[in-house]
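> I have a structure I would like to understand better, so I am pasting it below and will then ask my questions one at a time.
The values are calculated or read from the model by the stated rules, or taken from the named source; none is laboratory data. In this text, all values refer to a predicted model and were calculated from it rather than measured experimentally. Every residue, glycine as well, gets a Cβ built from its backbone with ideal geometry; the counts of neighbours run over all protein chains shown.
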Amino acid sequence: MKNITDEQFEQDFTIISNMKEVGAPDFFYTRLKARMESESTSNEAVFYIKPVLVICVLSLFLFINSLLIGNDTQIVRTNTNTNIEALAVSYDQTISN
């Protein structure tokens, strides 16, 4: 802590005591309150839109997924042993029946 003399302390104290308090401009708090209220109402509308959007996107993904799964079952049925045998030959393996 810095040691100061009584004269320096009195000078600093008179400077501080002569300072005037700075206030806010007229109607500052009224305008601030109005702005905060308008932002809160706009945020509420965005909150309700997000869940609806998420539900729509998820239902779209489920619909597309169900279409792809329905088409995928036909592809699985076309798999034959000749494809598996060709794969085994390419890796120098044998398949025992």
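> What are the residue pairs meeting all of these: first residue in the range 2-28, first residue in contact (Cβ under 8 Å) with a residue 40 or more places away in the chain and assigned to a helix (DSSP H, G or I), second residue surrounded by 10 or more Cβ atoms within 10 Å (Cβ to Cβ) and aliphatic (A, V, I, L, M), Cβ atoms under 8 Å, and 6 or more apart or on different chains?
Final answer for the pair search is none.
> Mind telling me which of the residues 65, 83, 71, 43 ends up being part of a helix (DSSP H, G or I), modelled with pLDDT under 80 and surrounded by 10 or more Cβ atoms within 10 Å (Cβ to Cβ)?
Only one candidate qualifies: 83.
> Select, from 78, 94, the only residue that is at pLDDT below 80 and in contact with a helix residue (DSSP H, G or I) (Cβ under 9 Å, 6 or more places away or on another chain).
94
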